[in-house]
Amino acid sequence: MSFITLSYADLVLASLLLLFAGALSVVLGLGLERNLAVAAARMVVQLTLVGLVLKTLFALVSPWWTGTAALAMVLFAGREVMARQKRGLGGAWTYGLGTASLMLAGTVITGLALTTQIRPDPWFDPRYALPILGMVLGNTMNGVSIGLDRLLTAAARERAAIEARLALGHDRRRALSHLVRDACRAGMMHIVNAMSAAGLVSLPGMMTGQILAGVAPVEAVKYQILIMFLLAGATGIGVLAAVFAAAWRLTDDRHRLRLDRLAQAGDGGKTTGM
Amino acid sequence: MLTVRGLTRPGLGPIDLEIADGECVVLSGPSGTGKTLLLHALADLDPAAGRMTLNGVARDDMPGPEWRRRVAYVAAEAAWWSDMAGDHFDDADAARHALAGLGLDDAVLEKQVALLSTSERQRLALLRALVLEPSAMLLDEPTSSLDADNAGRVEAMIEERRAAGAAILVVTHDDAQARRLAARRLVIEGGAITEAAP
């Protein structure tokens, strides 16, 4: 494999573009220069740190350190899912449900890919495990947060319709079925769109990266197709688990709708009920 | 027979209440005094402490959906979960048989809910519950958006259900209607019910 190594001078040169954008913001009075500067600084620091962490992990090839890094990634992704909920489930559920769904989807799909398709030696080699888990989590996180948000918002808005179904003797699965269906569709939609647009509208980032690194296009495409299947599977598992568990939590064993378990709008983790 | 002992939830009760088979009881009281809280608790739609039995079987001895199919609650505001009116009936044939009695024509089931009048929607929501042939009915202002003719049809339906042996609780603010429907009247105030003078 051959790829062109970048020097630090190359990066400095490219950063002039950022200065140009900042200057535009000042001249046009957009007020973006501060945000741009902070975001760019964060990006450089975060990526540099990740680079150093990955370098260390790759040198260690330890199942424990790889596992710890994977766990940290899942926990960060769970936090992101929580932050995107307008109304959470309240208490530990707000964080726990999204995180558990991501953990499930991430473990199953990454484990499957590493042990059956990619098969690095050893199977937990962080050079394979962490990038794949990262892509799986990034996509599943989007699906889970959209699906959960859709379900919880709709349950609060359509309370009367759900209670009308319950009052007619529908059980909780049936009374919430139209909301669960919508939420799962919404959560899956972006991976469906990503697959439809792949190659035509967008060249997926991983494939582009492999091509830049000197991999033959057909090999890079094979990898990308595998990744897309993994992402679709992971999003499916994550969204289904999160939406069904949330629907379960929104109802009780007497098949009553329990909106009192939802956190109040705007106060994050707190809840009024049991 | 619907029997209620010590029914309690925040803002309501304790409530003791008995409605015999074939009895229609009218409940009235200013808004915000607990009528909806009571109906929701009776239908087991919201958690409430206390003992309720229907024909001798305790609420807790049957699943929630089973209780609600037998103790049918019809909310004051009809709510819908599908675009087409017919989708809200499991047994469209049973519904079709009863349409005329409520002054509705057959085509109404093939229409979109959004295109129905408030009056048609209110009667369909009642019909949705009636076709289940419940042993008890909890009706929250069942004629609030109906003209006199259709209100009369709905009252006749309620009367028919009562004559068939159902225990019925009707919330209404209409004194004349209350006299027509019920032998016994209750007043709710501050979350407690009292018998009103007949």
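The values are calculated or read from the model by the stated rules, or taken from the named source; none is laboratory data. Bear in mind that the values here come from a model prediction, so they are computed numbers and not experimental data. For neighbour counting, all protein chains shown are included, and Cβ atoms are generated from backbone atoms with ideal geometry for every residue, glycine included. Note: accessible area is taken over every heavy atom of the protein model, side chains too, but ligands, DNA and RNA are not part of it. Shrake-Rupley method; radii C 1.70, N 1.55, O 1.52, S 1.80 Å.
Report, to the nearest whole %, how much of the accessible area of chain A belongs to carbon and sulfur atoms, 1.4 Å probe, protein only.
Carbon-and-sulfur percentage of accessible area, whole number: 70.
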For this session: State, in square angstrom and to the nearest 100, the accessible area buried between chains A and B, both chains counted, probe radius 1.4 Å.
Result: 1700
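Quantify how strongly other chains surround peptide A:167-176 by giving the mean number of their Cβ atoms within 10 Å of each of its Cβ atoms. Kindly include the intermediate steps, with their values, before the conclusion.
Numbers: counts 18, 15, 14, 5, 5, 2, 0, 1, 2, 1.
That works out to 6 on average.
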Exercise. Hull surface divided by four, with the convex hull built on the Cα atoms of the protein assembly as shown: how many nm²?
Worked result: 30.5
Exercise. Taking the stretch A:1-60, how much of its Cα-Cα pair set, in percent, is spaced more than 14 angstrom apart?
Worked result: 70
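State to the nearest 20 debye the size of the charge dipole of the stretch A:61-261 about its Cα centre, where the only charges are +1 on K and R beta carbons and -1 on D and E beta carbons.
On the way: 21 positive and 12 negative charges, 155 e Å.
Charge dipole of the stretch A:61-261: 740 debye, to the nearest 20.
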Exercise. If all Cα-Cα distances of the stretch A:61-261 are sorted into 10 Å bins from 0 onward, what percent lands in each bin, rounded to whole numbers?
Worked result: 9, 32, 30, 18, 9, 2, 0
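Report the Stokes-Einstein translational diffusion coefficient (µm² s⁻¹, integer) for chain B, Rh taken as the Kirkwood radius over Cα pairs, at 20 °C with viscosity 1.002 mPa s. Can you show the working numbers first?
On the way: Rh = 17.1 Å.
Taking Rh from Cα pairs, D becomes 125 µm²/s.
Hey, can you find the accessible area per residue of the stretch A:61-261 for me, probe 1.4 Å, expressed in square angstrom? Please list the in-between numbers first.
On the way: 9220 Å² over 201 residues.
Here the per-residue accessible area is 46 Å².
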Problem set entry | Average beta-carbon neighbours from other chains, 10 Å sphere, peptide B:5-16 | 0
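Taking every residue in B:75-84, how many Cβ atoms of other protein chains lie within 10 Å of its Cβ, on average?
Values: counts 4, 0, 2, 3, 9, 5, 12, 2, 0, 0.
Whole-number average of other-chain Cβ neighbours for B:75-84 is 4.
Using the Cβ atoms and a cut-off under 11 Å, what net charge is assigned to the surroundings of B:G34, where Lys and Arg are +1 and Asp and Glu are -1? Don't skip to the end; give the middle numbers.
Working: positive: B:R9, B:K35; negative: B:E189.
Its environment carries a net charge of +1.
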